[in-house]
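Working notes, beginning with the structure itself.
The values are calculated or read from the model by the stated rules, or taken from the named source; none is laboratory data. Note that the structure is a prediction, hence the values are computed from the model and not measured. Reconstructed Cβ throughout: ideal geometry from the backbone, glycine too, with neighbour counts over all protein chains shown.
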């Protein structure tokens with residue numbers, strides 16, 4: 001694995017995290033096992049994204065936001081999936097911050113088209129809003145651990161990984 005191929009771990013994150021959401025609370029050991037691999041892959045993906053954002057915006061603000069929010073997402077999401085859905089909101093806030101920070105950095109550095117940057121910011125706001133509703137209303141898309149905000153974040157991870165691998 002090279003620095004250029006690290007974003008591919010975003011795909012592995014989604015491939016492991018999605019089944020962990022779907023398995024549901026009936027098999028928490030399987031969920032925890034899947035999440036272990038997902039978290040490992042995700043952290044490497046976020047590290048590679050942080051490095052790319054640092055090159056886009058060398059002052060470090062956006063890279064710091066992306067890495068800190070991306071890392072804070074992990075424990076909140078794991079706890080939300082394994083048993084406390086109230087943390088879906090704070091988890092979505094971290095995901096949204098990651099999305100918006102990376103989108104703004106790439107947009108301002110003119111590494112992506114304006115419309116794509118705007119779509120990223122809008123997507124981050126949508127993830128935040130949906131997460132707030134999930135936490136405030138105790139709502140999930142399906143079962144107890146399938147959060148729409150998490151699925152939205154996973155879509156963004158796949159799109160971002162694809163973009164980073166194509167460059």
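Considering every residue within region 111-124, establish whether at least one is in contact (Cβ under 8 Å) with a residue 40 or more places away in the chain and surrounded by 15 or more Cβ atoms within 10 Å (Cβ to Cβ).
Yes: one or more hits.
Taking region 1-42, which residues are surrounded by 14 or more Cβ atoms within 10 Å (Cβ to Cβ) and farther than 22 Å from residue 84 by Cα?
6, 7, 8, 9, 10, 11, 12, 15, 41, listed by residue number.
Just give me the residues in region 107-121 being closer than 16 Å to residue 158 by Cβ and assigned to a helix (DSSP H, G or I), in sequence order.
Within region 107-121, 116, 119, 120 meet the criteria.
Looking at 74, 81, which one is more than 13 Å from the chain's Cα centre (by Cα), crowded, with 16+ Cβ neighbours inside 10 Å and either at pLDDT 95 or above or in a helix (DSSP H, G or I) (or both)?
The match here is 81.
Could we say that residue 97 is surrounded by 21 or more Cβ atoms within 10 Å (Cβ to Cβ) and within 19 Å of residue 52 (Cα to Cα) here?
Considered against the rule, which asks whether it is surrounded by 21 or more Cβ atoms within 10 Å (Cβ to Cβ) and within 19 Å of residue 52 (Cα to Cα), residue 97 comes out as no.
So which residues in region 41-71 are outside any helix (DSSP H, G or I) and either under 13 Å from residue 153 (Cβ atoms) or at pLDDT 90 or above (or both)?
Matches in region 41-71: none.
With the requirement that a residue be surrounded by 16 or more Cβ atoms within 10 Å (Cβ to Cβ) and part of a helix (DSSP H, G or I), what does region 134-158 give you?
Within region 134-158, 134, 135, 148, 149, 150, 151, 152, 153, 154, 156, 157 qualify.
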